[in-house]
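All remarks here apply to the structure that follows.
We did not get these values from a lab; they are worked out from the coordinates using the rules stated. As the structure is a computational prediction, the values presented were derived from the model and not from experiment. Note that each Cβ is placed from the backbone with ideal geometry, even for glycine, and that neighbours are counted across all protein chains shown.
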Protein chains: 2
Amino acid sequence: MLSEKEMPTQWYNILAEMPHQPLPALHPGTKQPMTAEDWYPLFAKELVHQELNTSDAWIDIPEEVYEKYKIYRPTPLVRAYNLEKALDTPAHIYFKNESVSPVGSHKLNSAIAQVYYNKMEGVTNLTTETGAGQWGTAMALATKMFGVELAVYMVKISYEQKPYRRSLMQTWGAQVIASPSMSTRAGRKIITEHPTYQGSLGTAISEAIELAMSTPNCKYTLGSVLNHVSLHQTIIGLEAEKQMEMAGEYPDVVIGCFGGGSNFSGISFPFLRHNFKGNATTRFVSAEPASCPKLTRGQFHYDFGDEAGYTPLIPMFTLGHDFAPAHIHAGGLRYHGAGMLVSQLLKDNFIEAMDIQQLESFEAGVLFAQTEGIMPAPESAHAIAAAVREAKLAKEEGKQKVILFNLSGHGFVDMSAYDQYLAGDLMNYSLAQEDIDKNVAKLDQLV
Amino acid sequence: MLSEKEMPTQWYNILAEMPHQPLPALHPGTKQPMTAEDWYPLFAKELVHQELNTSDAWIDIPEEVYEKYKIYRPTPLVRAYNLEKALDTPAHIYFKNESVSPVGSHKLNSAIAQVYYNKMEGVTNLTTETGAGQWGTAMALATKMFGVELAVYMVKISYEQKPYRRSLMQTWGAQVIASPSMSTRAGRKIITEHPTYQGSLGTAISEAIELAMSTPNCKYTLGSVLNHVSLHQTIIGLEAEKQMEMAGEYPDVVIGCFGGGSNFSGISFPFLRHNFKGNATTRFVSAEPASCPKLTRGQFHYDFGDEAGYTPLIPMFTLGHDFAPAHIHAGGLRYHGAGMLVSQLLKDNFIEAMDIQQLESFEAGVLFAQTEGIMPAPESAHAIAAAVREAKLAKEEGKQKVILFNLSGHGFVDMSAYDQYLAGDLMNYSLAQEDIDKNVAKLDQLV
């Protein structure tokens, strides 16, 4: 437990310290590097500056954001003694508990910051998309806090499977639309072509962007992938660093589950900065679902962030922007690409990627619930599964390794998934590499 | 925020300090006062001793229980600044946030203690019942912590309406049976007589007791009503007392929602002890649903705690043990009677009761979610509604009153209820006084 007074007052901007800068994002029309002006129509100016800031490693957290953080931060760092005992491992396992936020996940860290900067610039309406609903929920609360209107495009399969998340957003005052919808050109197009399409994050992003572009005084917000989102999430790792120090340990492995990169970046980047200086040999492991394996089996390529091609072209590990992932229960991890920071760091071997099958993730999630008492989100269960693998390895090798993972959220709103798992109704999904390659090969025509 | 070190090490046993002792519970067969020996078949011996302890005002919290408490305690005391602002009230509103426990409610405080004492006495199997699922969830986690088997009879309507709570219990390893069931004599009887009966806490208690009585090395546990449950819950008020002192204030009104009395007792009794000594003029308000108004409109009478009449006869405010409450969404408050401590204190005018209609409770719940960011359980929303009433009154009277209420749990697993409320599908329920009187009049034949 960190006291309120010890909460970090700055975010860590890894972009300013990476040994190799990522390639620039490209304008989808001109194929030229995106300038700040190119980004302005989409995002609040201050967020664009953060997105492009390559000079300041530390960015002050605005006082109003800091005050909102104090509602639930600092979050606890917990030694998972009972999990260690159950695994009979010599490893020390720690987890950062982001599930204690009022929305139940780490997503609020960036939602508060994004809404704040938009509000400061006079924006009255925001749009966003959400997969499983974690990001949309966080935005619903953050916009309510600052008195801004919000429209959320929610992936249709989640809209139907996760009515509780939809209700949460609505109770906090947001407008929630199932995507694909008839309210946008991008949505109408895909419904016309595929009437039974269950939606994807890529499509929902297209719809949210289109609505923002066509509404006065309205901007768009994104909950992962981009640099400024990772920046806000570093509060997780910065707190964890202080807390590990209080515990008298330093992690040998840092683990986060991986969708677009926001929680993995948040827990990892503050520790990773010591690796840049050669002061540490910590490993950083991103745990992604085997059914959506962009880091382990995708290709590094320029690609769109959305399905319709409204976003800039981003240099990323990707499965192709029109990739339709299997309907796994870790809805927040069903995204075709990885953020440019993480992609570059993977290319440069600063981080590793691990793919986890659905059943392994649920097995780890149930073990964690039964030993540590906290019901993890299906997304977070991937990080737990990776931690379990590392702990078992430590046992085999007889090493007293220190493992730190991020518990990005709780699973109270995802219990139907556990229900199906316990009933034996879930299965694993794997993709043929040639299908992935074929899908990514289509990208060559983009740039 | 209280530091871990400042967490109270004793529970407060109000039974030892009440100006008027409650009447004794009576043996259902002999109608004689229950002795410790009479209670032993049902409960662990140490819990029976706590139930009957009229001499020790302070009971040490066992070290193993204390260690488990530290997983989530002390819980935060929060000043609801934004709610105050929204109500434009001069009142200071504080709430104790019990929703941060891993099961999402205060119920774990007593579950841990009850399972611990049973485990110490060699019990290997426990049974219990649950209405909305909060108590069953807490018992599922507590039994998993101590390695004890658990069977939970869950009120059928909740079993069907709240599948997430059922999944939580199952994930933590408990066996969950919809009540009424065919697994007990009491269940078979009521199913035979009323094939479509949707269940009640009273019936579920009968079934859980019957299973415990007919299973070797098995005891029964109850999540409210009884003295030892209230005792364990005083950790809430004892922490709050220290925290209010840190805030430099003392409550003028203390509020808890009311089902059987566990969370109301927990927040109230530690403050109430100062009233006994004439040192304070604090008011204590229990907020019960208008559809289940035992304190405001029931009668003080000896009655059974369960529907089949397996329990001792308890001196309580009651609507009659066969009362079938409306299917409101605050499932945890749908119980026919009040615990004997609270009943005696109400008779002696130490506490007050307030009835809240369903729509008023949801309106208050949504206001709280939108201002303070936390989604309250429908049960807890009754306490919020009462706090809102008090705050509005303070505004009318121009008084700077200090209000403290207990946020007994979060509503993440109850979002379908909010969904129906927002859609305008919920309604209020009121009972005719003559129906209540008629139902209670039947009790005269009992004693």
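Structural remarks
- Intensity falloff of segment B:259-412 expressed as log10 I(q)/I(0), Debye formula with alpha-carbon point scatterers, at q = 0.17, 0.21 Å⁻¹: -1.02, -1.38
- Each other copy places its own label point for residue A:192 at 6.7 nm from this one, sorted shortest first, where the point lies 7 Å along the Cα-to-beta carbon line.
- Take chain A and mark each of the trypsin sites (Lys or Arg not before Pro) that is in a DSSP loop with at most 16 other Cβ atoms within 10 Å; the longest unmarked stretch, sites excluded, is A:71-276.
- The charge dipole of the protein assembly as shown, taken about its Cα centre with unit charges on the Cβ atoms of Lys, Arg (+1), Asp and Glu (-1) only, comes to about 180 debye.
- Span from the segment A:381-447 Cα centroid across to the segment A:174-250 one, whole angstrom: 20
- Computed over the alpha carbons of segment A:189-271, Rg followed by Dmax gives 18.4, 59 Å.
- In summary, the convex hull built on the alpha carbon positions of chain A has an orientation-averaged projected area of 19.5 nm².
- A straight Cα-to-Cα reach below 28 Å connects residue B:189 with the lysines B:31, B:156, B:162, B:219, B:294, B:438, B:442, residues fewer than 8 places away in its own chain not being considered.
- Remark: segment B:108-222 carries a charge dipole of roughly 140 debye about the Cα centre, counting +1 on each Lys and Arg Cβ and -1 on each Asp and Glu Cβ.
- Gap separating the Cα centres of segment B:1-79 and segment B:323-351, nearest whole Å: 19
- Amide hydrogen neighbours beyond the local backbone of residue A:352, cut-off 5 Å, H modeled: A:284, A:285, A:286
- DSSP-loop GluC sites (Glu not before Pro) across segment B:1-82, with at most 16 other Cβ within 10 angstrom: B:17
- The equivalent ellipsoid of the protein assembly as shown has semi-axes of 49, 28, 26 Å, largest first, where each one is the square root of 5 times an eigenvalue of the Cα gyration tensor.
- Selection of GluC sites (Glu not before Pro), segment B:245-324, meeting DSSP coil and at most 15 other Cβ within 10 Å: B:249
- Two-decimal Rg to Rh for segment B:183-229 - Kirkwood Rh, Cα set: 1.03
- Pairs of alpha carbons in segment A:1-120 whose separation is greater than 20 Å (percent): 60
- The rotation axis bringing chain B onto chain A passes closest to the chain B residue reported with its distance as B:412, 2, by C-beta distance in whole Å.
- Candidate cross-link partners of residue A:70 among the aspartates and glutamates, defined by an alpha-carbon separation under 19 Å and a same-chain spacing of 8 or more, comprise A:4, A:6, A:60, A:98, A:239, A:241, B:4, B:84, B:98, B:372.
- Taking the convex hull of Cα positions in segment B:108-222, its mean projected area over all directions (nm²): 6.2
- Candidate lysines - alpha carbon under 23 Å from residue A:399, same-chain residues fewer than 8 apart omitted: A:85, A:96
- Once backbone amide H atoms are built at 1.01 Å from N, residue A:339 has A:225 as its partners under 5 Å, excluding neighbours fewer than 5 places away on the same chain.
- Taking the Cα centre of chain B as origin and assigning +1 to Lys and Arg Cβ atoms and -1 to Asp and Glu Cβ atoms, the resulting dipole is close to 340 debye.
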